[in-house]
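These notes are about the structure you will find just below.
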Amino acid sequence: MPRPTLLLSVDFEDWHQLVRRRVGASNWEEAGPALARETDALLALLDELDVHATFFVLGMAARAHPELLEAIVQRGHEIGCHGDAHRPVHTQTRDGFAADLRAAKTTIRELTGRTPVGYRAPAFSITRAADWAFDVLAQEGFAYDSSQHDSPAIRDHVVPAKRAPHRLDAGLWEFPVAVWRARGAKIPVGGASYWQLLPTPVLINGLERAGPLAGLYLHPNELDPEPLDAMLPPTATVAQKAHAKLREAQRNGARRRAPGALRAIAQRFDLIPYGEAHARLDGGA
Ligand SMILES: [Zn+2]
């Protein structure tokens with residue numbers, strides 16, 4: 001029996017930048033040592049499993065760590081686009097969204113010589129209020145999107161949600177994130193942040209039922225060999241420190257489980273980058 005195939009992706013961003021910006025820390029944009037450490041661990045794990053992934057690269061993280069993109073390309077992974085500033089699409093205007101895409105594409109082209117054709121929205125934020133985003137993506141030259149996640153945690157997502165990859169009216173392809181629909185419940189099984197919540201056999205069972213070419217996504221921080229620490233400046237307030245500690249605790253749970261869960265998934269499924277799936281479907285369509 002052929003092994004089923006899942007699509008493997010990494011939302012390539014610096015958790016430290018994002019959590020510091022969220023709590024309002026003055027040093028939020030600074031590049032720390034964590035993303036390099038996390039990327040090394042992630043690339044080593046993908047080499048060990050002999051798989052390639054799509055890295056949806058966030059422009060602002062790439063500018064702070066230009067050397068990391070070179071390492072990702074050298075190891076044969078696909079470069080996609082995660083936008084530039086990680087602002088939810090439904091909070092942007094159409095023109096603002098186009099400008100964010102162009103800024104990210106410029107950074108990615110300058111650092112890798114490649115033009116990304118795949119897009120993943122920050123926090124899956126192409127909602128019903130922002131379904132114009134698909135037209136903008138097509139106009140900006142994107143061939144596929146992977147921003148649809150039929151998870152109870154994503155409010156107002158585009159309906160009806162579909163399980164399988166499909167062509168959108170705008171012309172580009174959509175690759176939905178893996179969701180296990182079990183007796184009326186929707187269990188998001190595609191994201192490494194959820195893998196800590198499910199015993200491995202249950203996770204595998206859910207992925208087998210998620211639909212053809214369902215998508216998986218990880219973040220570099222989920223592979224960090226060291227506990228996460230937002231490294232706020234000494235001037236941070238008690239409230240900012242408490243907020244950051246809560247975020248660290250949430251993410252550290254996922255961090256401990258992700259490598260083992262991905263190894264178990266790779267034993268059962270073929271894992272391919274999104275671009276490979278797109279070439280198969282688009283070539284055959
Ligand atoms: Zn993100």
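Applying a threshold of 9 Å to beta carbon distances and a minimum spacing of six or more residues, or different chains, the list of pairs starting in the range 250-263 at a residue that is touching a residue at least 40 places away in the same chain (Cβ under 8 Å) and charged (D, E, K, R) and ending at one that is exposed (fewer than 13 other Cβ atoms within 10 Å of the Cβ) and in a helix (DSSP H, G or I) reads ARG263/GLU48.
Would you call ILE187 touching a Ser or Thr at 6+ places or on another chain (Cβ under 9 Å) and more than 19 Å from VAL10 (Cβ to Cβ)? Taking the combined requirement at face value, the residue satisfies it. Do we find that ALA182 is touching a strand residue (DSSP E or B) at 6+ places or on another chain (Cβ under 8 Å) and at pLDDT below 95 in this structure? Against the criterion (touching a strand residue (DSSP E or B) at 6+ places or on another chain (Cβ under 8 Å) and at pLDDT below 95), ALA182 does not qualify. Screening GLU29 on (1) at pLDDT 95 or above; (2) within 17 Å of ASP84 (Cβ to Cβ) shows it passes everything except condition (1).
As a summary of the residue check, LEU271 satisfies the conditions (1) more than 30 Å from GLY171 (Cβ to Cβ); (2) outside any helix (DSSP H, G or I); (3) not hydroxyl-bearing (Ser, Thr, Tyr) except for the one numbered (1). Within the bounds of the range 218-235, is there any residue that is out of contact with any Lys or Arg (no Cβ under 6 Å at 6 or more places or on another chain) and acidic (Asp, Glu)? There is at least one residue in the range 218-235 that is out of contact with any Lys or Arg (no Cβ under 6 Å at 6 or more places or on another chain) and acidic (Asp, Glu). When the residues of the range 106-116 are filtered to those that are in a loop (DSSP other than H, G, I, E, B) and surrounded by fewer than 17 Cβ atoms within 10 Å (Cβ to Cβ), the one that is farthest from the ligand (Cβ to nearest atom) is GLY113.
Among the numbered conditions (1) at pLDDT below 90; (2) closer than 29 Å to PHE175 by Cβ, the only one that LEU246 does not meet is (2).
Quick grid of which residues meet (1) of a type in the set (Ser, Thr, Tyr); (2) within 16 Å of the ligand (Cβ to nearest atom); (3) out of contact with any Lys or Arg (no Cβ under 6 Å at 6 or more places or on another chain):
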{"position": "SER125", "(1), (2), (3)": "yes, yes, yes"}
{"position": "ALA129", "(1), (2), (3)": "no, no, yes"}
{"position": "VAL159", "(1), (2), (3)": "no, no, yes"}
{"position": "TRP180", "(1), (2), (3)": "no, no, no"}
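In the set (1) out of contact with any helix residue (DSSP H, G or I) (no Cβ under 6 Å at 6 or more places or on another chain); (2) at pLDDT 95 or above; (3) aliphatic (A, V, I, L, M), VAL238 fails one condition alone, (2).
Among the candidates GLY141, GLY113, GLY118, which residue alone is more than 14 Å from the chain's Cα centre (by Cα), of a type outside the set (A, V, I, L, M) and within 26 Å of ASP169 (Cβ to Cβ)?
GLY141
Of the helices (runs of 4 or more DSSP H) lying entirely inside the range 1-90, those containing at least 2 residues that are in contact (Cβ under 8 Å) with a residue 40 or more places away in the chain, within 16 Å of the ligand (Cβ to nearest atom) and not hydrophobic (A, V, I, L, M, F, W, C) are 15-22, 34-49, 59-64.
The values are calculated or read from the model by the stated rules, or taken from the named source; none is laboratory data. Small disclaimer: the values here were computed from a predicted structure and weren't measured. So basically every Cβ, Gly included, is an ideal-geometry build from the backbone, and we count neighbours across all protein chains shown.
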